[in-house]
Amino acid sequence: MPKLFSDEWIKEYMKAINENKEYEEAAKDWEGDFLFVIEPDEELKEPLYGYLDLYHGKAREGYAIDDPSKVNAAFEFRGKYSNWKKLLNGEIDPIKGLVTGQFKLKGNMAKVMRYAKAAKILVDCVKKVPTELP
Amino acid sequence: MWWFVAPKIVFGDDALESLEDLGYKRVLIVTDEILHTLGYVDEVLKYLKAENVEIFDQVEPEPSLETTKKAVEVAREFQPDCIIAIGGGSVMDVAKATRILYEIDIDPEQVTPFVNLREFGYQKKAELITIPTTSGTGSETTWAMVITDVKRRQKLLMANREAVPDMAVVDARFVVRMPPSITASSGMDALCHAIEAYISPWGNEFTEPLALKAAETVLANIAKSFEGEEEARKKMHVAATIAGLAFSNSQVGVIHAMGHSFGAVFKIPHGIAVGLFLPYVLEYYLNSDESIGKVRELSRKLGFDDGRGLIAEVVNLMDSIKLPTKAMELINEKEFQENLDILVRHAMEDSSTVTSPRIPDEAEYRKLFECAFYGRRVDF
Ligand SMILES: [Fe+2]
């Protein structure tokens, strides 16, 4: 099983997104790339970073990165590892997680609000990826 | 983790008297010209003991960003320690936005539930008191502000916990003489808030009993209130605030997404627009395993055998208070068909869509609008 936020994992995740018709529909006008950050906590020593470029209903590029300053993504979505685990197994709704501050989002918030359904599907897609947790 | 956020609430006869003991020095009153002329501001000033009072009475229905900016300018000049909103949803929304923008320079569009305004330097220089003069929007308790950006022809759905008022004064003296048509439409808005709050996937232990109580009260009193019965109007006034507390902490769904879209495109008052879609969306929810449970549960708690019983009662009530139950009573077919694509797109982009127990895709939204236009049954 690919490790969470490894290159291989992100490729699998992109495949899940690109096979999802519902996502394609909900995000058909979306343009914007994301930097995902898993912040360390008791269970995770070093932060993990992933990059994903989402464009018109598809994931057109994505990879793991070690130095976040190398990318200049339009959006940054970050949270503690313990909260990411809850997000990945469906215990935290991504939008609710942003409202409570368990996740933080940088970028054009109003735009994300309008694509809330797409955001939800993106999280659902993660569940289709076999994942080895760090 | 979740929150329940609410203002302090003063309600019942003489609730306005509570203003006597507040001790603010500089109070900015936000209202509209009609209410000002009708003497509503004077009624409040009878109780308010503030050294300095400034009145901004330029709020229009469907308030614009420009109006909000004017109110902000007045606030920046006047430096209030308290802002009091006297009015319906539009007035309260402008007052909420003014309190934030008066203090910090932030693009209004960025005032979303996801930002911590304290990081932008917001310190709540002014307390906010809301005095609703209609019984429906619940805006006196909520975190949302609907402001229209006229230049971009777009509604800004601003929302943030810091926008929740500090105190709501729910005094029915302002609604006993409300015109019946406004009683009807605002009452339907309250009913939609209560029902959508109850069935929302974000509903919780705190919001559920409030939503149920509000739905019960509205169903029992909306027709009598429409007829002008004073006791019923008082009950509706409190129920609208209770529904506001419920949905503000659990969100609304497809009924509001469609209502926002339809209301914006055809300039239909909010309560009429949301009420119109209520029976159709409930039927849509009943047709799926993912959403039927909560609708059925609510219907039974309200004393109906099943969801269909609730829908039939809602339609009866709408007839009796002279509200349209088909969109074709409001607009013609050509207008409808020409704007159907926009209606669907706006509903899909509405932030209420994602907090629905069943989320329609584009084709389903299209069919829902068609059912509501022609008065067809929802069979999908
Ligand atoms: Fe509403």
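The values are calculated or read from the model by the stated rules, or taken from the named source; none is laboratory data. Just so you know, these numbers come straight off a predicted model, no measurement behind them. All Cβ positions, even for glycine, are placed from backbone atoms using ideal geometry, and neighbour counts span all protein chains on display.
Quick notes on this structure:
- Output for the stretch B:142-175, where each listed residue is assigned to a loop (DSSP other than H, G, I, E, B) and surrounded by 15 or more Cβ atoms within 10 Å (Cβ to Cβ): B:142, B:143, B:160, B:164, B:165, B:166, B:171, B:175
- Among the numbered conditions (1) touching a residue at least 60 places away in the same chain (Cβ under 8 Å); (2) within 14 Å of another protein chain (Cβ to nearest Cβ); (3) within 16 Å of the ligand (Cβ to nearest atom), the only one that residue B:139 does not meet is (2).
- Picking from residues in the stretch A:93-118 that are facing chain B (nearest Cβ under 7 Å) and of a type in the set (A, V, I, L, M, F, W, C), the one that is nearest to residue B:348 (Cα to Cα) is A:116.
- Output for the stretch B:95-112, where each listed residue is at pLDDT below 95 and either touching a Lys or Arg at 6+ places or on another chain (Cβ under 7 Å) or buried (at least 24 other Cβ atoms within 10 Å of the Cβ) (or both): B:111
- Selection status of residue B:240, assigned by TED's automatic domain parsing to the domain that holds residue B:321, buried (at least 20 other Cβ atoms within 10 Å of the Cβ) and hydrophobic (A, V, I, L, M, F, W, C): yes
- Considering (1) within 14 Å of another protein chain (Cβ to nearest Cβ); (2) away from the ligand (no atom under 13 Å from the Cβ), the lone condition that residue B:225 does not fulfil carries the number (1).
- Long-range neighbours under 9 Å by Cβ, at least six apart or interchain, first residue surrounded by fewer than 22 Cβ atoms within 10 Å (Cβ to Cβ) within the stretch B:177-192, second among the acidic types (Asp, Glu): B:180/B:227
- Total residues in the stretch B:358-380, condition assigned to a loop (DSSP other than H, G, I, E, B) and buried (at least 22 other Cβ atoms within 10 Å of the Cβ): 2
- Comparison of B:258, B:236 shows that the only residue that is assigned to a helix (DSSP H, G or I), in contact with a helix residue (DSSP H, G or I) (Cβ under 8 Å, 6 or more places away or on another chain) and closer than 17 Å to residue B:136 by Cβ is B:236.
- Residues located in the stretch B:155-210, provided they are among the hydroxyl-bearing types (Ser, Thr, Tyr) and within 14 Å of the ligand (Cβ to nearest atom): B:185, B:186, B:200
- Selection status of residue B:92, within 16 Å of the ligand (Cβ to nearest atom), of a type in the set (A, V, I, L, M), more than 14 Å from chain A (Cβ to nearest Cβ) and buried (at least 24 other Cβ atoms within 10 Å of the Cβ): yes
- Applying the set (1) assigned to a loop (DSSP other than H, G, I, E, B); (2) more than 23 Å from the chain's Cα centre (by Cα) to residue B:2 leaves exactly one unmet item: (2).
- Residue pairs whose Cβ atoms lie under 7 Å apart, separated by 6 or more positions or on different chains, with the first residue in the stretch B:69-90 and under 26 Å from residue B:271 (Cβ atoms) and the second within 16 Å of the ligand (Cβ to nearest atom) and aliphatic (A, V, I, L, M), are B:85/B:91; B:85/B:92.
- Filtering A:93, A:66 for residues that are closer than 17 Å to residue A:124 by Cα and modelled with pLDDT under 95 leaves a single hit, A:93.
- The residues of the stretch B:323-344 that are in a helix (DSSP H, G or I) and in contact (Cβ under 8 Å) with a residue 24 or more places away in the chain, listed by number, are B:327, B:328, B:333, B:335, B:336, B:339, B:340, B:342, B:343, B:344.
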